[in-house]
1. Which one of VAL278, MET301, ILE288 has its Cα pushed farthest toward the positive end of the charge dipole of segment 268-311, where Lys and Arg give +1 and Asp and Glu give -1 at the Cβ?
2. Could you work out the relative contact order of segment 1-155? I mean the mean sequence separation of Cα pairs under 8 Å and 6+ apart, divided by the number of residues, in percent.
3. If contacts are Cα pairs under 8 angstrom and at least 6 residues apart, what is the relative contact order of the chain in percent?
4. Using r as the Cβ-Cβ distance of LYS333 and ARG49, and R0 as 41 Å, what FRET efficiency do you calculate, to the nearest 0.05?
5. Could you let me know the centre-to-centre spacing of segment 112-142 and segment 32-80, using Cα atoms, in angstrom?
6. Which one of ALA366, GLY120, SER105 has its Cα pushed farthest toward the positive end of the charge dipole of the chain, where Lys and Arg give +1 and Asp and Glu give -1 at the Cβ?
7. Each residue of segment 99-108 in turn: what ³J(HN,Hα) in whole Hz from Karplus with 6.51, -1.76, 1.60 and θ = phi - 60°, glycine and Pro shown as x?
8. What full-extension length gain, to one decimal in nm, is calculated for LEU122 and ASP91 as 0.36 nm per residue of separation minus the Cα-Cα distance?
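The values are calculated or read from the model by the stated rules, or taken from the named source; none is laboratory data. Computed from a predicted model, the values in this text were never measured in an experiment. Cβ sites come from the backbone with ideal geometry, for glycine too, and all protein chains shown count toward neighbours. In case anyone asks, the SASA skips ligands and DNA or RNA and just uses the protein heavy atoms, side chains included. Shrake-Rupley method; radii C 1.70, N 1.55, O 1.52, S 1.80 Å.
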Amino acid sequence: MARIVMKFGGTSMAGMERIRNVALRVKHEVGLGNEVAVVVSAMAGETDRLVNFCKEASPLYDPAEYDVVVAAGEQVTSGLLAMTLKALGVDARSWLGWQLPIRTSEAHSKARIDTVEIEGLLAAMTAGQVAVIPGFQGQMESGRVSTLGRGGSDTSAVAVAAAVQADRCDIYTDVDGVYTTDPRIVSRARKLDKVTYEEMLELASVGSKVLQTRSVALAMKEKVRVQVLSSFDAPGDDPEPGTMIVSEAEIEESDMERQLITGIAHDKNEAKIIVTRVPDKPGAVASIFGPLADASINVDMIIQNDSKDNAETDVTFTVPRTDLARSVDILEKLQNEIGFRRIITDDQVAKISVVGVGMRSHAGVAATMFKTLAERGINIEAISTSEIKVSVLIDEDETELAVRVLHTAYGLDAEQAPA
């Protein structure tokens, strides 16, 4: 018998027919003798609908009341799934965020989970009852409802799995696993059997939309084994048809040596900012990035040009495209204080990244990337690296070409295109 947390995303819960399919899958796990908790998202599109209502009610809405409204989507699907399970003869009940409770930080719309109080939940699961839990929501110390930010149901599921010491956390979505790259761009992309936490964290942070970055970071911290599967496959066809996200210890060393690069990711949600003629003196760069950090704007790639006359330099960096206008507004208000000449922006760029733990023991990964792009006439505008990742910024129009040629260059193409 295993203890399993199953999480179903918005597309899996989009209407009663799909909710019944989810219920059948949960019933199958219960029939195997497993203890099961289920974390659900709102129906596809429902959160956007609720957000729009908030904006119509007040452009400067109260964040606390915003959380009350948008948390309702997951409450609806948790209740409907519990009803459906009972109709199938499965003992089930829904548990809202305040009933567990899931304690979070005091930050509306972007709260972080502190603890999950599981005494009642564990008693119910041990007795054979399926717990259906709305993802994305929790409770602040003040007693108010909080939400975790978009994609937060993944984090909810991992947090519950860690709290109940689940054998694994199954994330059901509209794809059947993690691929070497987006199959919509490269038909010969391969589904991966296993990926390390670090690789998945890098892939999620540079454009892969399979899992929320925070959920992967939490899984790595708490050592929760996560499996990504398709909710549209028939239950019982394959016991582990998806991709396992695990520690490096679970992946044989021979497999790591054989697979230099795990995947190619791309992200078009990037914008480039060049701040020109910045005084070349201590504290100048801090005066640029400090205010952006205070506004919770994430800065990624950073390049500071060499100062030819030791007086002025240009600073180039990227921000999420949605934060471009806000970033420019913040810096323009500080122009006299910082002392730069002007700001140049470009929102028609994309970030391409190659990721793999094999980089630690192999040289030449970056050189292969640069050479491959150069051979196809693709110009690199910025570069950033980590121990297991190399990212470059290129023109957005060349995104798909770059992904295809790099996928081939690193030997990731499948022998046959997926059927």
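1. The listed residue farthest towards the positive side: VAL278.
2. It comes to 26 percent, rounded to a whole number.
3. Relative contact order comes out at 14 percent.
4. 0.75
5. Cα centroid of segment 112-142 versus Cα centroid of segment 32-80: 17 Å apart.
6. GLY120
7. 8, 6, x, 9, 7, 10, 5, 8, 8, 5
8. Full-extension gain reported as 9.7 nm.
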